[in-house]
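Written below as structure tokens is the structure these notes are about.
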Amino acid sequence: MAGPLKTYAFVNAKLRTRISKILPEEFIRQLIRSRSVAESVQMLAETDFHPVQRIYEQTGDIKMAELELLRKEVEIYLELEKLLEEEVRGFVKTLTERFEIESLKNAIRLWFDCRIRGRSIENAGGYLLRRTIHHSIDLDGIINADTLEGVGDLLERTPYAGIVREQAARVTEAESLFPLELALDRFLYTRLVEAGEQLKPRDREIARHLIGVEIDLQNVGWLIRFKHFYSLDTDQALKHTLPGGLNLSVDLMRESYASERADREMAALVGRRYPELSALLTSQEQVKSTARLTMIERILEQILALEVKKILTGYPFTIGIILAYFILKANEIRKIMTVLNAKFYNWPEERILAVI
Amino acid sequence: MIFTEQMQQVVAVVLDHDTDGVTKELLRLGLLHFVRITEVDRDIGPQVEEVTPRVAEAMITEIRRRIEGFFAMVDDQPPSGEDLKVEDLQAVDLEETTKILDNLSASVQTIRDRQSARQQEILRLEDIERQLQLFGSLSEVVEARSQYSYLSIQTGSIRKLLIESFDQALSDTPSVKMEIGTQDDQALLLLITMKRDETLTNRILDKFGWTDVHLPSELVGKKDQVQENLREKLELLKDEQEELKSKVESLIREKRPALEQMWTNLRLNELYARVQSFFSKTSRTVIFSGWLPSSKRPVLAEAIRRVTDGRCYLEWHQPREAEQPASVPVQMRNPKFLSPFQMLVTNYSIPEYGTIDPTPLVAVTFLIMFGLMFGDAGHGAVLLVLGLLGSILYKGARSAVRNLLHLIAYCGAAAVVAGILFGSYFGMKWFAPLWFDYHGVVAGHGGGGLVTDIYGVLAITVYFGIAVIALGLVLNWINCVAKSRWFRLFFDKGGLIGGWIYGAGVYAAVYFVRHDYRQLPDSNLLFLLIGIPVLLLTLKPVLEYSFHKPRKPFTFFTPVDFFMEWIVEILEIFSGYLANTLSFMRVAGLGIAHVSLVIAFFSIADMLSGPSGSYTIGSYLVLVAGNVLIILLEGLSAGIQSLRLNYYEFFSKYFSGSGRAYAPVSLRKKIK
């Protein structure tokens, strides 16, 4: 079995070089200040994102540029899979599956819009990520399927067939895809936790830590949706959350969801484990109760950033460098996507800054 | 050349109404590396205030960058700094410039939006193409279309007169329409749409009086024809996309002169504002300060006096008067042909002001090391040609790229010289070696010459290392004298005592080797050579303690600290110098590896030779591939190792990289 040095030395050097090329905040601010989408995209020409600029120049279509960004991110994951030793590859493969699941969800959303809601999904199929990741998925077949069971049949050779069939009745009953999306996310995170458990002790601990924060973020994201779009009661909402979170206990989530004493609990947590973020809480003291979950989401994002920073300054030959890179890269891509879309819809600078 | 350029600092006071003229003159000359007057004289702070430039530099920079963005859209560059003239500077109207750029941006965006609309059409057709690929024959589909879930293919007729508006109505729906014949005033059509759009399509068909017509399969045509039709449509749309893309380019090229003019004026105003951002003022005067090479002092003084009609006060300061010596900027003055080596030095760091600029020495040591590691005239010639060819082909490239190409050419030349000395030409012995036969030595048959075995090669590199380290020590002593660092001159690891110990160590080692590894020099001599300097080093912690301000209290542990520091210092000196010297054996290592690789490829080529012993095509292929591999792999290794030896074994002895580069505000300043 390879030691950590052999496993991570090359990847570590490669990823640290790439991390050093992640666009700085100043660049993002310049991107925000640009006057049009065309000018924003042009700024990417001198960066690693130049294919995005090339696509936009050819098509004038911001969604095609966005698709290119996504394709680029998937390529990074797949490339890393090839560079890794077998024992770590399994974990990274599971991480990559998130794109497959996201792609599947997008296709099912189109099916749902077209078949169930009767909406036009004209051209939307062109923006799907048509790249085989680990399983071959017939995206066109899914969009044109007559029923969700039919979608399940098309996914026969993938791990997702059972989930789709299982949730078909609930989707029809609720007239919403939410149960299915939730089940797919739950499947992904469960797999991630399981894959993390297969790692060596030091890696396992780091994976637990970072995935824990991600699960926290995912849970908060869901709770926000439960509260604002589905008006679920607390017990129902908590039933759908994932175990394995790092910072958010069930009690804290319950209190946050019910908007009772959540600030105090969160302040205690932040003060104890992440004193660097205390300022974030005090500046949010006056926040309305409805925005509490959003505030917690923000804090969790900062916590994730802190955890990444800790990893980058710690022992280099662990799975941490890979996770840190993925998180930083995803964050960078998210920011660019947000700015380009915001520019497309002519958002003012302040509004873009608020969501970045 | 060996020391950095002599600098002087000027503090100038001019009248307020001469500010504009002085600013332009300073910009024209491009000589001053500005410093704020408050950094020169801390007490002056309350008496002066900063000059606010007419237009903020940051705003100008942002707009200038916007214009560069437009240039980049057509892969174009802004005008060069060489073309900037202060006379062209005009007041900049940021509002008007922004308006012009906004208009241009809007025009570009309009074209991009049109491109986006075309893209939607492309996506629709691609969608149909994808769906079509999912099943086989077209006639089959027409016959039993209901069982196909994705596409709806129908044949029917409408009036010929309505064809145009029919097309119009279908334009928003992904569809392919083919005219397959006529019947009186009716056009027979094959229509392919997406089944999911059935409701919408049927509405259109009803509106245009579509009548289903059952057509024999041979009339319907083949799937290939439909696909061909689709492809043609797609090609047409993609051509339109290209056309729109080139429209953006034409638009910007058309505006290029105006953009260039705006860019030039913005750049001039930006630099003008930058110069003024270093100005401070009183009620009627303006004060500024900066560094420049001493040799340029008369030029600057004359220019300021001329612009102000002598209404100015200039005060000159020497670097030694500077409050913070590290703040004096450093100008390295090397001939142009040494710029690749200057790049190697500045990549490490900028030398401290007033110390030795190692560029010429690096040129010598780097090339000797490279030659020793890559000693083959043939391989060297390839590098030389590649370097020179690259320099010609990439004449307009960034200076770093040009320097790198020149460096490759220099390394090639060094390898050619070394190859001639070793008699190696692509691993072959075309001419007798002038020094020794490296191949013969590595292969174990000496080959004749001044060196006959591997130990001889190792000895050469160790002696070379000793020479390099000794040179580093001498340079350190010169630096210490130049900067009046007397304590360091004596007690630094690279100081006189350290050098004494190193010299003694080298003597003792050579003596030991020359006496067949059996005898060291006489113990009295050893005491004189090593014992005395080691004892002298005991003074170092004591003197440091005595001169340290504020002095630490003397406790019971202070002598213990002295002792420990002394022991550690001695260990560091002995182990450090030993490691530094032996580190040069890598030069021999790389050289031997180079020769070994050549021998290995020749052996493989021999194995592939024919029965008569003559080389086959395979042999020649192995030799060519092997030589290419050696040039790439060994060239890179030798370059890296030469650099490493310079940085860590040579520079560490004397180089203080705490300087900051002389960066005057100039029209030719690089744009960031």
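The values are calculated or read from the model by the stated rules, or taken from the named source; none is laboratory data. Owing to the predicted nature of the structure, the values given are computational and were not obtained by experimental measurement. Glycine also receives a Cβ, built like all others from the backbone with ideal geometry; neighbour counts cover every protein chain displayed.
Filtering region B:177-186 for residues that are at pLDDT 80 or above, under 24 Å from A:Ala124 (Cα atoms) and either among the hydroxyl-bearing types (Ser, Thr, Tyr) or surrounded by 11 or more Cβ atoms within 10 Å (Cβ to Cβ) (or both) leaves a non-empty set. Output the number of the condition that A:Arg170 fails; it satisfies all remaining conditions of (1) in a helix (DSSP H, G or I); (2) within 12 Å of another protein chain (Cβ to nearest Cβ); (3) of a type outside the set (Phe, Trp, Tyr); (4) in contact with a helix residue (DSSP H, G or I) (Cβ under 6 Å, 6 or more places away or on another chain). Failing condition for A:Arg170: (2).
Each row is one residue, and each column tells you yes or no for (1) touching a residue at least 40 places away in the same chain (Cβ under 8 Å); (2) out of contact with any helix residue (DSSP H, G or I) (no Cβ under 7 Å at 6 or more places or on another chain); (3) closer than 22 Å to B:Leu123 by Cβ; (4) of a type outside the set (Gly, Ala, Ser).
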site	(1), (2), (3), (4)
B:Glu228	no, yes, yes, yes
B:Met262	yes, no, no, yes
B:Leu271	yes, no, no, yes
B:Ser289	yes, no, no, no
B:Pro293	yes, yes, no, yes
B:Pro298	no, yes, no, yes
B:Val307	yes, no, no, yes
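Of the residues that make up region A:175-195, is at least one over 20 Å from A:His240 (Cβ atoms), buried (at least 19 other Cβ atoms within 10 Å of the Cβ) and away from chain B (no Cβ under 14 Å)? Yes.
Counting just the residues of region B:92-129 that are more than 10 Å from chain A (Cβ to nearest Cβ), of a type in the set (Val, Ile, Thr) and within 19 Å of B:Glu68 (Cα to Cα), which one comes out surrounded by the most Cβ atoms within 10 Å (Cβ to Cβ)? Filtering region B:92-129 for residues that are more than 10 Å from chain A (Cβ to nearest Cβ), of a type in the set (Val, Ile, Thr) and within 19 Å of B:Glu68 (Cα to Cα), the one surrounded by the most Cβ atoms within 10 Å (Cβ to Cβ) comes out as B:Val92.
Quick one: would you say B:Leu234 is away from chain A (no Cβ under 14 Å), in contact with a Leu (Cβ under 9 Å, 6 or more places away or on another chain) and either farther than 30 Å from B:Asn103 by Cα or not aliphatic (A, V, I, L, M) (or both)? No, not satisfied. What residue, among those in region A:124-153 that are in contact (Cβ under 8 Å) with a residue 60 or more places away in the chain and away from chain B (no Cβ under 11 Å), is farthest from A:Thr172 (Cα to Cα)? For region A:124-153, the residue satisfying everything is A:Arg131.
Taking the numbered list (1) farther than 30 Å from B:Ile640 by Cα; (2) exposed (fewer than 15 other Cβ atoms within 10 Å of the Cβ) in turn, B:Ala625 passes all entries but (1). Which of the residues belonging to region B:533-545 are assigned to a helix (DSSP H, G or I) and β-branched (Val, Ile, Thr)? If the condition is that a residue be assigned to a helix (DSSP H, G or I) and β-branched (Val, Ile, Thr), then B:Val534, B:Val542 are the ones that fit. Is it true that B:Ser246 is modelled with pLDDT of 90 or more, touching a strand residue (DSSP E or B) at 6+ places or on another chain (Cβ under 8 Å) and surrounded by fewer than 21 Cβ atoms within 10 Å (Cβ to Cβ)? Judged against the criteria, B:Ser246 is not a match.
Residue-by-condition table, conditions (1) under 27 Å from the mean Cα position of the chain (by Cα); (2) crowded, with 19+ Cβ neighbours inside 10 Å; (3) over 22 Å from B:Ile640 (Cα atoms); (4) at pLDDT 95 or above:
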residue	(1), (2), (3), (4)
B:Leu338	yes, yes, no, no
B:Thr346	yes, no, no, no
B:Pro358	yes, yes, no, no
B:Phe374	yes, yes, no, no
B:Leu384	yes, yes, no, yes
B:Tyr394	yes, no, yes, no
B:Tyr438	no, yes, no, no
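Does A:Leu23 satisfy the criteria of being away from every other protein chain (no Cβ under 11 Å) and in a helix (DSSP H, G or I)? Taking the combined requirement at face value, the residue does not satisfy it. Under the condition of being of a type outside the set (Phe, Trp, Tyr), part of a helix (DSSP H, G or I) and closer than 23 Å to B:Tyr463 by Cα, the residues counted in region B:499-532 number 15. In the condition set (1) acidic (Asp, Glu); (2) at pLDDT below 90; (3) over 30 Å from B:Arg64 (Cβ atoms), A:Glu97 is compliant with all but (2). Filtering region A:141-174 to residues that are crowded, with 20+ Cβ neighbours inside 10 Å, touching a Lys or Arg at 6+ places or on another chain (Cβ under 7 Å) and within 29 Å of A:Leu232 (Cα to Cα) leaves only A:Gly152. One residue stands out in region B:165-176 among those that are more than 14 Å from chain A (Cβ to nearest Cβ) and crowded, with 16+ Cβ neighbours inside 10 Å: the one that is modelled with the highest pLDDT, namely B:Phe166. In region B:61-91, of all residues being of a type in the set (Val, Ile, Thr) and within 14 Å of another protein chain (Cβ to nearest Cβ), the one that is surrounded by the most Cβ atoms within 10 Å (Cβ to Cβ) corresponds to B:Ile67. Would you say B:Val13 is more than 14 Å from chain A (Cβ to nearest Cβ) and either in contact with a His (Cβ under 9 Å, 6 or more places away or on another chain) or touching a residue at least 24 places away in the same chain (Cβ under 8 Å) (or both)? Spelling it out, B:Val13 is indeed more than 14 Å from chain A (Cβ to nearest Cβ) and either in contact with a His (Cβ under 9 Å, 6 or more places away or on another chain) or touching a residue at least 24 places away in the same chain (Cβ under 8 Å) (or both). Screening region B:215-323 for helices (runs of 4 or more DSSP H) wholly inside it with 3 or more residues that are β-branched (Val, Ile, Thr) returns the ranges B:223-276, B:297-308.
Listed here are the residues, each with its yes/no results for (1) in contact (Cβ under 8 Å) with a residue 40 or more places away in the chain; (2) among the aromatic types (Phe, Trp, Tyr); (3) under 30 Å from B:Ile501 (Cβ atoms).
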site	(1), (2), (3)
B:His548	no, no, yes
B:Leu571	no, no, yes
B:Asn580	yes, no, yes
B:Ser596	yes, no, no
B:Phe601	yes, yes, no
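How many of the residues making up region B:14-38 are assigned to a helix (DSSP H, G or I) and either surrounded by 15 or more Cβ atoms within 10 Å (Cβ to Cβ) or of a type in the set (A, V, I, L, M, F, W, C) (or both)? Number of matching residues: 13. For region B:187-214, the candidate set comprises residues that are part of a strand (DSSP E or B) and closer than 30 Å to A:Phe112 by Cα; within that set, the residue that is modelled with the lowest pLDDT is B:Met194. Being more than 18 Å from the chain's Cα centre (by Cα), among the aliphatic types (A, V, I, L, M) and closer than 21 Å to A:Leu67 by Cα holds for only one residue in A:Ala174, A:Ala124, A:Ala168, A:Ala145, and it is A:Ala124.
Got at least one residue in region A:312-319 being in contact with a Phe, Trp or Tyr (Cβ under 7 Å, 6 or more places away or on another chain), under 23 Å from A:Asp216 (Cβ atoms), part of a helix (DSSP H, G or I) and at pLDDT below 90? No: zero hits. So, of the residues in region A:71-117 that are within 14 Å of chain B (Cβ to nearest Cβ) and in contact with a helix residue (DSSP H, G or I) (Cβ under 7 Å, 6 or more places away or on another chain), which turns out to be farthest from A:Tyr325 (Cα to Cα)? For region A:71-117, the residue satisfying everything is A:Cys114.
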